[in-house]
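Please treat every number below as a calculation from the coordinates, not as lab data. The shown structure was predicted, so the numbers you read here are calculated from the model rather than taken from an experiment.
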Amino acid sequence: MSVLAGLALAGFALAWATSALCTRGSSAAVTGRTRVAATSTWKTLDLKRVRYRGRGQGNYALWSTGTFGDLTVWMSTAVGGITGEDKFFVSSAGHAHAAMGFSDLGLYEVTYTATCYAGPAKTRPVTSPEVSFYFAVGAYWEWVARHFQPERWWEVVSLESADADGDSIPNLVEYACGLDPRTPDLMTHQRGSL
């Protein structure tokens, strides 16, 4: 992640696939794809899974814009879920830029693999292990991400009504008061009337 003018920007490096041993000698892998107009050698970033915790649909998309503003959607879970078409193509001789979007506030785990071609004829596909990236969208969910490791995001402990530290103060109140949801806080209750 890098920060530019207060915005967090995620970046990917497909450097492992840039060597001469891992390029494809033809454009056969992209035949019939309208998203890829040039004949080139390619490596791909393949969407495998999107996990979501929040109140909405939790859709994810990755897109790029061309020189003249033309939009290319490479990945989108909004229609039809994840399919074999959810791939971001990167020329093996260059680099590319893309933007990501999330449909709703919440926590996201986005999992990818990268694929290139190896061997003397550059025809043997080589796929990386799955790699997950974690995103928190919205102030409350960013607070959750600061206080809990990603493996705990999917437990009840991350919900607004949860009481992770057992002090009878729900997470949403701990967030609003700037408290730590992992450390019990003393809370005094006073009865009275106005």
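Cross-link partners among lysines for K122, C-alpha distance below 20 Å, same-chain residues fewer than 8 apart left out? The qualifying lysines are K43, K87. The convex hull of the Cα atoms of segment 137-188, projected and averaged over all directions, covers 3.3 nm².
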